[in-house]
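Here is the structure we will look at, set down as C-alpha cells.
The values are calculated or read from the model by the stated rules, or taken from the named source; none is laboratory data. Values in this document were obtained by computation on a predicted structure and should not be read as measured data. Cβ sites come from the backbone with ideal geometry, for glycine too, and all protein chains shown count toward neighbours. Keep in mind that these areas ignore ligands, DNA and RNA; they rest on the heavy atoms of the full protein, side chains included. Shrake-Rupley method; radii C 1.70, N 1.55, O 1.52, S 1.80 Å.
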Amino acid sequence: MSDEKHGEPNPIVNALSNTIAAIRADDDQLELAKAHEALHPKAIEKLSVQEARSQPTVADAVKHLLTQQGRATDPTALVPGVRATPLSIDTDHGPLQATVYAPEDATGQGAQLPVVLFFHGGGWVIADKEVYDGGARGLAKQAHAIVVSVDYRQAPEHKFPAAWDDALASYRWLTQFASRIGGDARRLALAGESAGGNLALATAIAARDAGLPPPRHVLSVYPVAQTSLNTESYLENAIAKPLNRAMVKWFVDHLVRTEDDLADPRLSLIDADLRGLPPVTIINARLDPLRSDGAKLEDALEKAGTPVERREYEGVAHEFFGAAAVLEKARLAQAYAGERLRESLAI
C-alpha cells in the first residue's frame, strides 16, 4: 500500500459517518467536523502509535475554523484573563511537566485560590496538555480557580497503570505544595476529559484509599468508565467522529498488559468501591461512544451513595468540551462545570 493511502478511512464508512453527523449534529458542531475533515486526519486505528500522535486534533480543527472565520486563534484572546505558566512536579518516576492556569485578576491579591488538577484525554496513548488547553483554560476562568494540567506517562511505552500512578503522585504533590503556585491545599478538586475523566475519579478513589486529604469535587468529562465495547452508545456511535469504537479498542490494546487489566477497578470504574467520595459531576456528549459509560458511572455512584450530577449535551460529539471558542454547547458545559466546582470549592 502506498504511503498516500496508508491509514486512509474507509470511504464508504467515512461517507456514512458524515451523513449521520449532518443529520444529528448541531450546526456549529458540523462546521467543526468539516474543519477537522479539511485537515485530512487518518484513521487512528490503522496507524502506528507515532503516526497517530502526529494526526490533526480537534484543537487543530478549532484553530482552522477560527482562521476561516477571521478570528484570533491565540488562547489568551479566546479566554482572556487567564495566565499560563510551566510547572514541573517531582515524582518517584521522575518529573511530570504541567501547565498552571491562573485567573489574572487574582494575581497579587494575597488570597490563595482553590486548585483543580486536570488530566488530558487521548486514550492514554496520544495527545498532551497542549491539545487540551481549551478545556483546562476554560475551567480556570469559569471556576475562578488555579488549574494544573499535567502530562502523565503514556502507553505503550508505559503500560497500565503508569498513568494512574502519575495522576496520584501529582495529586499527592498538590496536597503538600499547592501554596507554591498560590493555591489552597484545603480546596482541591480533580478534573479530566475522556481518558483523563477516568483518571480524575480513579485518583479520588486512590487518594481516599491512601489516606490523603480528599478532593472536594470530581469533574469527569465523557469518561471511560468500563471496558465493554458493546454498550448502547458504542453500538449507536460505532463510526462516529472524532472518536469511534475501533479507535477505543486500539487505545485499550496499546494500554493494557494482559486481559486481566480490563477488569481492574481503576480502568473499570463502575466496578470500583465508590463509597465515601466527594460530589461528582459527569458531562457527556450525545454523539459519543462513551455516553453510556457516563450513564453507567452515574448509576454506580448513586448506588454507592456518592453525590453525582450528570448532564448530557445533544448535538455535540466527543472532544466538544474544549471547543468553547466555536461551540455554543461547549460554552454552556464549561459554565456548568465551573458552577459545580465553585460550589464545592467555596470557603
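A few notes on this one:
- Across the accessible surface of the chain, with the other protein chains kept in place and a 1.4 Å probe, carbon and sulfur atoms take up 51 percent.
- Remark: the stretch 167-172, residue by residue, has Karplus-estimated 3J(HN,Hα) of 4, 5, 4, 5, 5, 4 Hz, where x stands for each Gly or Pro and the curve is 6.51 cos²θ - 1.76 cosθ + 1.60 at θ = phi - 60°.
- Qualifying trypsin sites (Lys or Arg not before Pro) in the stretch 225-264, where qualification requires a DSSP coil assignment and no more than 12 other C-beta atoms within 10 Å, comprise 257.
- Near the amide H of residue 217, within less than 5 Å, lie the amide hydrogens of 190, all on another chain or at least 5 residues away, with H placed in the peptide plane.
- Gain on full extension, evaluated as 0.36 nm per residue between residue 275 and residue 186 minus their Cα-Cα distance, stands at 29.9 nm.
- Residue 60-residue 309 FRET efficiency (beta carbon distance; Förster radius 41 Å; 0.05 resolution): 0.80
- Ellipsoid semi-axes in whole angstrom, largest first, where each is sqrt(5λ) of the Cα gyration tensor of the stretch 1-79: 25, 18, 9
- Built amide H within the under 5 Å cut-off of residue 119, gap 5+: 191, 192, 193
- Among the listed pairs 63/296; 34/303; 46/303; 241/303; 249/296, a Cα-Cα separation exceeding 29 Å is found for 63/296; 34/303; 46/303; 241/303.
- Centre-to-centre separation between the Cα atoms of the stretch 161-205 and those of the stretch 308-347: 19 Å.
- Normalised per residue, the volume of the convex hull around the Cα set of the stretch 233-347 (Å³): 126 Å³
- Averaged per residue, the stretch 197-347 has 38 square angstrom of accessible surface, using a 1.4 angstrom probe with ligands and nucleic acids left out.
- Estimated vicinal HN-Hα couplings, Hz - the stretch 181-186 in sequence order (Karplus 6.51, -1.76, 1.60; Gly, Pro = x): 10, x, x, 9, 5, 7
- Amide H contacts of residue 226 (H built 1.01 Å from N, in plane; Pro and chain starts excluded): 269 sit under 5 Å, all sequence-distant by 5 or more or on other chains.
- Accessible surface for residue 277 stands near 20 Å², nearest 10, in the context of the full protein assembly shown (1.4 Å probe).
- Cα centre as origin, Lys/Arg/Asp/Glu Cβ charges: the stretch 213-347 dipole, Debye: 380 debye
- In sequence order, calculated HN-Hα J values of the stretch 282-297 (Karplus, 6.51, -1.76, 1.60; Hz; x Gly/Pro): 10, 10, 10, 10, 5, 8, 9, x, 8, 4, 5, 4, x, 5, 5, 5
- Heavy-atom accessible surface of residue 227, to the nearest 10 Å², is about 50 Å², with a 1.4 Å probe and all protein chains retained.
- Once the Cβ-Cβ distance of residue 238 and residue 258 is raised to the sixth power relative to R0 = 25 Å, the FRET efficiency obtained is 0.45.
- Pairwise label distance in nanometres, residue 73 with residue 332, each label 7 Å out on the Cα-Cβ vector: 2.9 nm
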